[in-house]
1. What does the C-alpha gyration tensor say about the overall shape of segment 559-598? Classify as rounded when a/c is under 1.5, otherwise prolate if a/b is larger than b/c, or oblate.
2. With both bridge residues required to lie in segment 163-290, what share of the DSSP beta bridges run antiparallel, to the nearest 5%?
3. On a straight-distance basis, which aspartates and glutamates could pair with Lys423 in a cross-link, Cα separation under 14 angstrom, same-chain partners fewer than 8 positions away excluded?
4. Please state the charge dipole magnitude for segment 17-221, taken about the Cα centre, from unit charges on C-beta atoms (+1 on K and R, -1 on D and E), reported in debye and rounded to the nearest 20.
5. Might you report the magnitude of the Cβ-based charge dipole of the chain about its Cα centre, with Lys and Arg at +1 and Asp and Glu at -1, to the nearest 20 debye?
6. If I fit a long axis through the Cα atoms of helix 415-429 and take the longest principal axis of the Cα atoms of the chain, what angle between them do I get, 0 to 90°, rounded to 10?
7. Simple spin-label model, 7 Å along Cα-to-Cβ: Asp78 to Glu565 in nm?
8. In segment 556-595, which residues have a backbone nitrogen under 15 Å from the label point lying 7 Å from Arg371's Cα in the Cα-to-Cβ direction?
Amino acid sequence: MAPIDPHSFTESTHPLTTHISLSLYFDFSSSTIHAAAILTLASPHAGPLSLDTRSLTIHQVLDPQTLTQLPFTLSPTDDPIKGRHLIVTLSDHSSVLIVFSTSPSSSALQWLSPPQTFNKLHPFVYTQCQAIHARSVFPCQDTPAARVRYKALINIPRQLSAVMAARHEDRRPPVAGETKAFGSSCFDFDYESLWCADGRVVEEFEMNQPVPPYLFAFAVGELGFREVGPRTRVYAESVPSILDAAAREFAGTEEMIRQGERLFGDYDWERFDLLVLPPSFPYGGMENPRMVFLTPTVIKGDASGAQVVAHELAHSWTGNLITNKNNEHFWLNEGFTTYAERRIVEVVQGEDRAVLNIGIGWRGLNEEMERFKDNLECTKLKTNQEGLDPDDVYSQVPYEKGFQFLWRIERQIGRPAFDEFIKKYIATFKFKSIDTETFLNFLKENVPGIEKQIDLELWTEGTGIPPDAYEPVSSLYSKIVSLANEFKLGKIPKEDEVADWQGQEWELYLENLPKSAEASQVLALDERYRLSESKDYEVKVAFLQLAISSSCKDYYGEVEKTLKEVGRMKYLRPLYIALVQGAGKDEEKILAKRVFAEARDSYHPIAQGVVESIFAKHGV
Ligand code: BES
Ligand code: ZN
C-alpha cells in the first residue's frame, strides 16, 4: 500500500476509476448540490477502496446493480491538505454508487447571489478544480494519474443554462424515474420530486476522452454566447456589451488554433469554446477542455487577451493531452505550455511581442528566486510537495524555469529538430499522465548525447537558475530595461520614448523598477502617465505594488477599490503581500485586514484560502 500522489488518498494497489456518471441537483437557495456518482473501476476490486473528498456529506454507498448498501467510513477530521479520506468496502465490485451533497464551503465552487452578478437577476455558480478541488464537488481519486471519462446530468432552474468542459448532449425536462436508483431512500427529503419539480430542466453532458479530475468544470447562470469561429463560441453572462467586447477580443482564436495544430499536431478536442467569468474568477485562465475559463480582466480592447487564450489553448496539447502525473511534476504542464504559448504568440503577434513576454517571464523568475531564497525546494523544477498545499506553493518557477529548460534544449538542437521532437513527444504520450523521469528518458532516447551537452539533472533537480539559462535580447526589451534603470537616477521616461507602449511594455518597465522608491517620484510618474488608472490590471497592479512599498498613501484608496473589484489571485497576492510584509506597516496591515473582511465574500474560496495563508505567514 502506497500513495501515488502526495495530494491524494489514492492507493497504488487499488484499481483506478475509468468512468464517472454524475447526477447533480443544484439548490441555489442553500448553495448546495445534492448528487449521486457512479464510479466505474478499471477492474473488479475486493476490499477497501480509498477516495478523496472535502466538504462533502456522504449519505449512502450502494452497489449500483442491486442497490444494496456497502459499508463505508469517512475519516473523522480533515487532513489540512488532502481533506477527508472516504473508504468504501467492495466485494468484487467494479462499480460503486455514492450518494452525497456538497456544502456551501466546497472549495471548488463559487456561488454568486443575484446581486453579485452583472444582471442582478439570477444566481451563478462555477467550478475551479485545479489542483485538488474536484474532491469538493464529488468523491473521486483526485489525482491526475487517474484519467476518467464522464457523463453528467445537471438539474437546474429553467431560467438558467449550464455549460461544461464536455460535449453538450441535450437540454430537456427532467424524466420521472431517472434518479430512482438513489432518489427514494438516500436523502432525508424526496429527491425524486425535487428533481422533477416544475420549472426545472436537465442539461446532459458527456466527456468521452479520458481527462484528469482537475479538468472537470461547469458553470451555471444566465448565460449567452457569440460565435467567433468555426469551432469557437464565447460565452459569458448574458450582457450584450460584455458578449460583444469578448467576441471582438477573441476574434483571432481560430487562427491561433490553426497555428497550434501546425506546431503540435491535430486539435483533438473538437470544440474550443471560451467562457468569460465574473471578476471573482481566481485565475487569468483555466484550460478546461473544450471550454477554457477566463477572467474578464483580459478583455481590455487591445487584443492582449490573446496571450492568455494562446496559453490555455496550448494546454490542449501540453497538460490536457499529456498531463503531469501529480503536482510535483507541474512544470511538465506549465513549462511546456509557456513554451508552446510563446511559439503561438510569435506567429500571430510577431517575434517582438514573444521576446517581450519572455522578458517579463525572466523578470518574474528572478523575483521568485528572491522570494524563495529561504525555501530552495520551491526553486526546483521537480519538487517534493509532501505536506505542501499546491495552492500555497503556486509560483512562476514551473512556468518560467520550465520554459527556460525547453528553450535551452531548442537552442542546443536547433528549432527544426526540437519541433519534430515536441510533435513526437505529444503523439507518444497523449492521453497519458507522466512524470519528469519519463520525459527525460524520452528526451535521451530521441536526442542521443543530449545529457552530455545539457546538465539535465541540474535543470530538473537543482535549485536556482542554471548558468545556461538565457535572458532574452531585443532592442525593445533592452530599451525598456535601461529606462527602468534610469528611474533610480531620478529620471522618468519622456513622452516620445513611450509613445507606442502597450500594457506589456509598461508591465516590464514597472517590474524592472526598484522595489521601493521616493514617494514623490512615484507620484510624478503617475502624474505623467496615469498608471494607477490604467484599465489594464497588469499595469495598474504593478504600479500599486510600487506605490505600497514606497508608502505612497495617496493610492491606498485605489488599492482598496482594486482589491474589491477583482478576485484574480495574480492581483490579490502581490497587493496583499505588499500591504502586510515588512516591519512598521501597522497602518497597511489594518487596511489589509479591513479590506479582506469586507471583500472576502466576493472572492472564490480558493482565493480566500490564499489570502488567509498570506496573513498567517506574516502574522496578521
Ligand atoms: N492551469 C493554470 C491555472 C492554474 C494553475 C489553476 C494551478 C490552478 C492551479 C492556467 O493554465 C494558467 O497558467 N493561467 C495563467 C495564465 C497565464 C500564464 C497566461 C494565469 O491564470 O495567470
Ligand atoms: Zn497554464
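1. Judged from the Cα gyration tensor, segment 559-598 comes out oblate (a/c at least 1.5, b/c at or above a/b).
2. 85 percent
3. Glu261, Asp266, Asp268, Glu410
4. Magnitude of the dipole: close to 460 debye.
5. Approximately 260 debye in magnitude.
6. 20 degrees
7. 3.2 nm
8. Inside the label zone: 568-582.
Where a number appears in this text, it was derived from the coordinates with a stated rule and is not lab data. Owing to the predicted nature of the structure, the values given are computational and were not obtained by experimental measurement. Virtual Cβ from ideal backbone geometry, glycine too; neighbours counted across all protein chains shown.
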